[in-house]
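Following: one structure in C-alpha cells, then a few remarks.
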Amino acid sequence: NRVLYSEVHRPCSVMLLVNPHSGKGQALSLFTGHVQHMLNEAGVPHTLVITERQNHARELVREADLSQWGALVIMSGDGLLFEVVNGLMEREDWEEAIQTPLGILPGGSGNALAASIHHYSGWVTHQNPSVAVRHHYSGWMAHQDSNVVVRHHYSGAQPVSSEELLVSCGFLLCKGLVSRMDLASVHLGSSPSNPTRLFSFLSLAWGFVADVDVESEKYRHVGAARFTMGTLVRLASLRVYKGRLAYLPVDEVDGEEDRQSSVSLEEMTSVSPQCQPPSSAFCSSTLLCRPSKDSPCQNAAHNSRNSNIAFKAKNWEPMSANATLTGPPDSLLVPLDQPVPSDWVVVPEEDFVLMLAMYQSHLAKDLYAAPDSTLDDGLIHLIYVRAGISRTALLRLFLAMEKGTHLANNCPHLVYTRVRALRLEPYSPKGVITVDGEVVEYGPVQAQVHGGIARLITR
Ligand code: ADP
Ligand code: MG
C-alpha cells in the first residue's frame with residue numbers, strides 16, 4: 001500500500017513551494033528547522049521555490065513541466081494550495097495535471113487542510129495499529145512509547161500544537177502515501193452566462209465565518225489564534241446576513257451507496273496495490289485508479305459518487321462544458337440566472353448568521369467543523385446557522401467546534417446536511433464570500449463536488 005514517489009512513474013523530486021509571508025512570516029525557518037532534516041533522512045529529494053508574490057505559485061504550476069516533479073508540496077497556509085490547485089486546473093492538460101500528488105506543510109495562520117489530514121492520519125493509525133507507521137512516529141515525535149503516539153494521534157478533537165502539526169505533516173510527506181481528494185467546482189456569477197469558475201479543496205463560506213476570516217487578517221502575527229480573536233470581535237457586532245440558499249441533497253439511494261462503498265481501512269490496506277483499471281480486480285486507494293461509468297473499479301469506493309446522480313435522467317439541461325473553461329463539466333449545476341432544478345431543496349429561511357460548506361474535517365487547526373467529512377467522500381458538508389441565535393449560543397457553538405461536538409449540541413438554529421451541490425444568492429450588494437479562506441468575488445455563487453479528482457499526500 002506504500003506509494004513511493006517513483007511508483008507514480010515520475011522522477012522523485014518534490015517541488016516545495018514556500019510562502020515566506022504566510023502565518024507569522026516564519027514559514028521558511030519553520031521548514032529548515034523542523035522538516036528539512038526529515039526529508040533528507042528519508043531520502044526525499046526536493047527543490048525549494050520561494051514565492052515572490054501572490055499568484056506566483058499559480059502561474060508557476062500552470063506552466064511547469066510536471067513530468068519533472070513527483071509531487072507539488074506547499075509550506076504555507078491553505079491560500080497557497082488554493083493557488084496550486086487552480087493553476088493545475090487552468091491547464092489544458094488539467095485532467096493529467098491534477099493527478100500530480102499534492103502535499104501540505106502547515107506554515108500559515110490558516111492550516112485547515114493540514115489539520116484535516118493530521119486528523120485523518122490519526123484515525124488511520126488508531127484503526128490499524130499494526131501499520132509500521134507508528135514506530136516511525138515515535139522516532140519523530142517527542143513520545144517514545146508508540147502507544148502514546150497512537151493515542152496522541154487518534155482524535156481530531158485533541159488539541160495539537162502548531163509544531164506537532166508541522167512535524168506530523170512532515171512525516172506524512174516522508175511516507176509519501178497518496179490518497180484521492182475531493183474538489184468542488186465553484187461558480188461566481190456577476191455574469192451568469194459566463195461565470196468565473198474556481199476549484200476549491202476545503203470550504204465555501206459566507207456570513208460570520210467569512211467575515212472573521214477576513215477581519216482576522218490584521219491579527220495574523222498571532223498565528224492560528226487570529227480566528228479566536230476574530231470570532232470574539234465579530235460576536236460583539238453580530239449581524240444578520242440575508243440571502244437565498246438552495247442545495248441538492250444526498251438522496252436516500254445515494255446515502256445507502258455511500259455507506260456500502262465506504263471500504264474499511266483493513267480492506268484497503270490488505271489488498272494488493274496493483275490496480276490498473278479496468279483489468280485488475282481490486283484497487284488500493286492510493287494508485288492511479290480512474291474508474292469511469294463504462295469501466296468501473298471493483299472497489300466500489302473508487303467509482304465517483306457523483307456519477308450516481310450525474311447520469312440520472314433530469315428534467316433540465318445541465319451546464320455544458322464551456323469551451324473556454326478547463327476542468328470537468330458541472331453536470332449538477334444550471335446557469336446562475338436560471339432557477340435551481342426541481343430536485344433541489346430551497347431553504348425557507350432567508351436570514352442567516354453563517355453558511356459554511358466544507359469538504360474536509362477542519363476549518364482551522366482547532367475548528368473541527370465537519371466531523372463526518374473524509375478526504376474523498378464526494379460530499380459537501382453544509383452547515384448553516386439561522387438568524388435569531390444569541391451571542392452566547394453562537395459562542396457555545398464555536399467552543400464546541402474545537403472538539404467537533406457542535407452538531408450534537410441540539411442548537412435549534414444550526415442545520416447540518418450533506419449535499420452534492422449548493423447555490424447561495426446573497427441579497428445585500430456588499431459582503432464577503434471566501435473559498436478555501438481566500439476572498440472571492442461577492443455575489444451569487446454555486447458549487448458542486450467532484451469526488452476524488454485530486455490526489456493528496458496523506459495517511
Ligand atoms: P496564511 O494562512 O498565513 O494566510 P496563505 O498560504 O493562505 O497563508 O497565504 C496568504 C496569501 O498570500 C495567499 O493569498 C497567497 O496567495 C499569498 N501569497 C503567496 N505567496 C506570497 C508572497 N510571496 N507574497 C505575498 N503574498 C503571497
Ligand atoms: Mg470530504
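Since every read-out is calculated from the coordinates, none of them should be taken as a lab result. Note that the structure is a prediction, hence the values are computed from the model and not measured. For neighbour counting, all protein chains shown are included, and Cβ atoms are generated from backbone atoms with ideal geometry for every residue, glycine included.
In terms of the Cα gyration tensor, with a ≥ b ≥ c the square roots of its eigenvalues, is segment 326-459 rounded because a/c is under 1.5, prolate because a/b exceeds b/c, or oblate?
Values: a/c = 1.71, a/b = 1.14, b/c = 1.51.
Verdict is oblate for segment 326-459.
Once you have a ≥ b ≥ c as the square roots of the Cα gyration tensor eigenvalues for segment 383-424, tell me rounded if a/c is under 1.5, and otherwise prolate or oblate according to whether a/b is larger than b/c. Write out the running numbers ahead of the final one.
Details: a/c = 2.36, a/b = 1.45, b/c = 1.63.
It comes out oblate by the Cα gyration axes.
Rank these for me by crowding, W344, W69, going from fewest to most other beta carbons within 10 Å. Numbers along the way, then the final one.
Numbers: W344 18, W69 21.
Ranked by crowding around the Cβ, least crowded first: W344, W69.
Which residues' amide hydrogens lie under 5 Å from the amide hydrogen of L354, considering only partners 5 or more residues apart or on another chain, with H built in the peptide plane?
F208, V385
How far apart, in nanometres, would the label points at S342 and T392 be if each is projected 7 angstrom from Cα along the Cα-to-Cβ direction?
4.8 nm
Could you compute the FRET efficiency for E163 and D93, with r as their C-beta to C-beta distance and R0 at 35 Å, rounded to 0.05? Kindly include the intermediate steps, with their values, before the conclusion.
Numbers: r = 38 Å, r/R0 = 1.08.
After rounding, the FRET efficiency stands at 0.40.
Taking amide H positions as placed in the peptide plane 1.01 Å from N, state which residues far from T196 in sequence (5 or more) or on other chains have amide H under 5 Å from it.
Under 5 Å from the amide H of T196: L188, S190, S191.
Could you give the length gained on full extension between S13 and L48, defined as 0.36 nm per residue of separation minus the Cα-Cα distance, in nm?
Numbers: separation 35, 0.36 × 35 = 12.60 nm, distance 1.05 nm.
11.5 nm is the gain from fully extending S13 to L48.
Show me 31-40, 363-372, 159-168 ranked by packing, highest mean number of other Cβ atoms within 10 Å first. Don't skip to the answer; put the middle values down first.
Working: 31-40: 15.9, 363-372: 23.1, 159-168: 17.9.
Per-residue Cβ counts within 10 Å, averaged per peptide and sorted highest first, yield 363-372, 159-168, 31-40.
Amide H neighbours of K365 under 5 Å, counting only residues 5+ apart in sequence or on other chains, H built in-plane at 1.01 Å?
Under 5 Å from the amide H of K365: N111.
Order 74-86, 16-28, 45-57 from most to least packed using the mean count of other Cβ atoms within 10 Å.
Numbers: 74-86: 26.6, 16-28: 20.5, 45-57: 15.1.
Order by mean packing, descending: 74-86, 16-28, 45-57.
If you count, for each residue, the other Cβ atoms within 10 Å and average over each peptide, how do 88-96, 181-189 line up from highest to lowest?
Values: 88-96: 17.0, 181-189: 23.3.
Ranked by mean Cβ neighbours within 10 Å, highest first: 181-189, 88-96.
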